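Novice: There's a structure below that I have some questions on.
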Amino acid sequence: MNTVATIQEKILKLKKEKDICILAHSYEAHEILEIADFTGDSYALSVKAKSVPQQTVIMCGVRFMAETVKVLSPQKRVILATPEAGCEMADMMDKAMIEAVKRDLPDYTVVAYVNTTAELKTICDVCVTSSSAVNVVKNIENDKILFIPDANLGAFVAESLPQKEIKLLDGCCPIHASVSIGDVIKAKESHPDALLLVHPECRSDVVKAADFAGSTAEIMDYARKSTAKEFIIGTELSIAEHLQYECPDKKFYPLSDKLMCKNMRLTTLVDVYNAVCGGEGEEIVLSDETITKARHCIDEMIRLNHE
Ligand code: 13P
Ligand code: SF4
């Protein structure tokens, strides 16, 4: 048995013995997805986190994802497998900054992309993920919306909901925003028959040039179900790799090799093994006040994500 399979076997045995649930975001490496109890986009993981029976949850992803699990399951031990794994977009805006903006926009509903700290969520009204954003914002009664921190996802929502007056700030995912329309033209020239599937964290002109825009899970779902045979994938490089593995009869090309999130790639199988053994990884600790206020924002997302 090779080393990867040996470590995987040990993780599977230990997590069963210790009653641990492993959640992994779809950007994680294939060998981590294989030993996870649940994988998916950030919406699926946040909803799943509420119902898992285990008392300990290990998150393979970045810090805001582990905080979201803790907020939704405060009685559980939530461990971030790799404590250094942050999100560059989530770190762009803090509570003090948004409190100042709110003072100038008192009649706006503040919508926070889930890629924000739990502390910032405490002063926001509703949370969204990339897969729920358009629907949730549509169902908010107030038409005046301050959307933070991602101006690109916010522009995607604004484009879909012209009836809403959506104010944006200057935040973005530096990885997705690094892709230009020039990269799109080059990729389409190289693969003229391929469909272009992108994440709405990409710039507006890139999203408009796409055949489909959606969350990581929605992109994967679209590609699996499509009768097309070739796809250019405009999100973290791992998604094209996972799809190629899953659908060997189709061809997947990354939109740009700039699409590499170093934070999402930090977690190794050994990190997960050490976290399952105990003592490694970081237990997420949030005050009761942070949990209560941030939870309101996430619960509102789940409540408003209806037809
Ligand atoms: P999803 O909501 O598609 O999981 O995306 C999270 C993320 O960080 C994308 O960069
Ligand atoms: Fe954050 Fe961008 Fe990485 Fe997603 S890809 S985790 S938004 S830095």
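Novice: When the helix-only estimate is applied to the chain (DSSP H runs of n ≥ 4, each -39,500 (n - 2.57), divided by the residue count), what is the mean residue ellipticity at 222 nm, nearest 500 deg cm²/dmol?
Specialist: Estimated from H runs of four or more residues: -12000 deg cm²/dmol.
Novice: In addition: Per 0.36 nm of contour for each residue apart, how much would the distance between residue 141 and residue 208 grow if the chain were fully extended, relative to their Cα-Cα spacing?
Specialist: Length gained between residue 141 and residue 208: 21.4 nm.
Novice: Right, something else. Along region 137-153, what does the Karplus equation 6.51 cos²θ - 1.76 cosθ + 1.60 (θ = phi - 60°) give for ³J(HN,Hα), rounded to whole Hz, x for Gly and Pro?
Specialist: 5, 4, 8, 6, 4, 5, 8, 8, 10, 9, 10, 10, x, 8, 5, 6, 5
Novice: Taking every Cα atom in region 213-307, find the radius of gyration and the maximum pairwise distance Dmax, and write them in Å.
Specialist: According to the Cα coordinates of region 213-307, Rg and Dmax are 18.4, 51 Å.
Novice: List residues of region 250-265, by number, whose backbone nitrogen lies under 16 Å from a label position 7 Å along Cα→C-beta of residue 88.
Specialist: Counting only backbone N, you get 256-265.
Novice: Would you mind giving the average projected area, over all directions, of the Cα convex hull of the chain in nm² with one decimal?
Specialist: Average of the hull's projected areas for the chain equals 16.1 nm².
Novice: Quick one: Karplus J couplings for region 89-97, per residue in order, coefficients 6.51, -1.76, 1.60, θ = phi - 60°, nearest Hz, x for Gly and Pro?
Specialist: Listing the rounded values in order: 6, 4, 7, 7, 10, 10, 4, 4, 4 Hz.
Novice: Computed FRET efficiency, Cβ-Cβ of residue 306 and residue 14, R0 41 Å: what is it to the nearest 0.05?
Specialist: Working: r = 39 Å, r/R0 = 0.96.
The formula returns an efficiency of 0.55 here.
Novice: Would you mind calculating the gained length between residue 241 and residue 299 on full extension (0.36 nm times residue separation, minus the Cα-Cα distance), in nm to one decimal?
Specialist: 17.6 nm
Novice: Name the residues whose placed amide hydrogens come within less than 5 Å of the amide hydrogen of residue 128, ignoring near sequence neighbours (fewer than 5 apart) on the same chain.
Specialist: 112, 113, 114
Novice: To continue, here is another question. With a point put 7 Å past each Cα toward its Cβ, work out how far residue 288 is from residue 102 in nm, to one decimal.
Specialist: With each label placed 7 Å out from Cα toward Cβ, I get 2.2 nm.
Novice: Probe radius 1.4 Å, ligands and nucleic acids left out: which of 19, 125 has the largest accessible area, and how do the rest follow?
Specialist: Greatest to least solvent exposure: 19, 125.
Novice: Right, next: Output the peptides 195-205, 244-254, 133-143 sorted from most to least packed, where packing is the average of other Cβ atoms within 10 Å over each peptide's residues.
Specialist: Highest-to-lowest ranking by the protection proxy: 195-205, 133-143, 244-254.
Novice: Sequence-distant or interchain residues sharing an amide H contact under 5 Å with residue 22, placed H: which?
Specialist: The list, which skips near neighbours in sequence, is 37, 38, 58.
Novice: If contacts are Cα pairs under 8 angstrom and at least 6 residues apart, what is the relative contact order of the chain in percent?
Specialist: 22 percent
Novice: Return the long-range amide H neighbours of residue 88 (sequence gap of 5 or more, or a different chain), with a cut-off of under 5 Å between placed amide H atoms.
Specialist: For residue 88, whose amide H was placed from the backbone, there are no distant partners under 5 Å.
The values are calculated or read from the model by the stated rules, or taken from the named source; none is laboratory data. Not measured: the values here are computed from a predicted model. Please note: Cβ atoms are built from the backbone with ideal geometry, for glycine as well, and neighbour counts cover all protein chains shown. Ligands, DNA and RNA are excluded from the accessible area calculation, which covers all protein heavy atoms including side chains. Shrake-Rupley method; radii C 1.70, N 1.55, O 1.52, S 1.80 Å.
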